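A short write-up of the structure that comes next.
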Amino acid sequence: MSYLEVTKDVYKEAALTPDVGLCCTTTPIWQFPGLQIPTIMQEMNYGCGSTVHPRDLVNNPKILYVGVGGGMELLQFSYFSRQKEGVIGIDVVDEMLEASRKNFVLAEKQNDWFKSDFVTLKKGDALNLPVADNSIDVAAQNCLFNIFKMEELKKALEEMYRVLKPNGRLVMSDPTCEQPMNDTLREDERLRALCLSGSIPLEDYVKMLTDVGFGTIEIRARRPYRILDPKHYATEEHIYIESVEVCAIKDPMPEDGPCVFTGKSAIYFGGEDFFDDKKGHVLLQNQPIAICDKTAGALKNINRDDIFISESTFHYDGGGCC
Ligand SMILES: C[S@@+](CC[C@H](N)C(=O)[O-])C[C@H]1O[C@@H](n2cnc3c(N)ncnc32)[C@H](O)[C@@H]1O
């Protein structure tokens, strides 16, 4: 059986019998005023971070969510969109679609602002989305794409890129891992399906996104996720896995390469009121400005002793250069 088939089986089981330990969110579940998340949705939270960011959700966006799980994030997205068919949910596993459908009925009973028809559920594959080109403002996936091997990951990202409108956003949460993993772990279909042995280094993950054409990338969060240790897994050393929240924006690719924000800032502390690099970046005296890694490199290269450039925090929160 291929790893994609094993993945479907794993999530069929997880739809029929909620598995609280499967995947493991590293953030507290977002609670918003007036939002009640049914307990079963919380038990079926199979993600590893959050893809719901209020600042992505202005101007009445059309939202697509791939890999629905118990439906919790679709409910959270609906909280902001509050309209019929505002959120499209796609999943390849019938039982998961059915489980989330039931969960939305429960959610409707517990939330007077919510109607089940705010969410349109469709059967479909992340590798071949049943969605029109250039039709989506915000697309999201949580803890699905890390399961894919390189060829499928590229295809899944190309599909997301295709369906997004120009300047649309792909918001994702996935495990990443900086250490090499041996083939036994990599080829273990079940571990891969459980989001434990498919993850790749963050830099490679970002490159996959920029290779597909996304011109702006934001690393919004990076947190500890899991340890694979020799007692429990086929490894001779401890392997540390993190989880990241990343937003890829379908901006045109700049001529000098993508803008990747990893949480760096620049501070000018020279004798003038401001420093202007004549490339669109004006640094006011002693005011931090968020900069992408490309601008950080360019500012470092001019070798001034009155500009401080911070390390990446991997918690970029908007604003700044580019
Ligand atoms: C790890 S779970 C994450 C669920 C949800 N995003 C969450 O955060 O709770 C992966 C989800 O992707 C679905 N899935 C697996 N393979 C898929 C595919 N090829 N296309 C679309 N959905 C898929 C599973 O049925 C499951 O709902």
Restricting attention to segment 203-226, does a residue exist that is within 16 Å of the ligand (Cβ to nearest atom) and closer than 29 Å to MET1 by Cα? yes
Looking only at residues that are surrounded by 15 or more Cβ atoms within 10 Å (Cβ to Cβ) and closer than 22 Å to LYS149 by Cα in segment 97-129, which one is farthest from the ligand (Cβ to nearest atom)? LEU129
Single condition ASP251 does not satisfy, out of (1) surrounded by fewer than 14 Cβ atoms within 10 Å (Cβ to Cβ); (2) modelled with pLDDT of 95 or more; (3) acidic (Asp, Glu): (1)
Could you check segment 180-248 for helices (runs of 4 or more DSSP H) lying wholly inside it with 1 or more residues that are touching a Gly at 6+ places or on another chain (Cβ under 7 Å) and modelled with pLDDT of 95 or more? 189-193
Using the structure shown, decide if ILE302 is of a type in the set (Val, Ile, Thr) and at pLDDT below 95. yes
Name the pairs: first residue in segment 132-158 and assigned by TED's automatic domain parsing to the domain that holds GLY168 and assigned to a helix (DSSP H, G or I), second residue within 13 Å of the ligand (Cβ to nearest atom) and charged (D, E, K, R), Cβ to Cβ under 7 Å, at least 6 apart or on different chains? PHE145/ASP174; ASN146/ASP174; ILE147/ARG192
Having 3 or more residues that are farther than 30 Å from GLY319 by Cβ is the bar; report the helices (runs of 4 or more DSSP H) wholly within segment 1-120 that clear it. 3-16, 39-43, 94-110
Residues in segment 159-179 that are hydrophobic (A, V, I, L, M, F, W, C) and either outside the structural domain of GLY213 (by TED's automatic domain parsing) or not in a strand (DSSP E or B) (or both) total 3
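The values are calculated or read from the model by the stated rules, or taken from the named source; none is laboratory data. As the structure is a computational prediction, the values presented were derived from the model and not from experiment. Note that each Cβ is placed from the backbone with ideal geometry, even for glycine, and that neighbours are counted across all protein chains shown.
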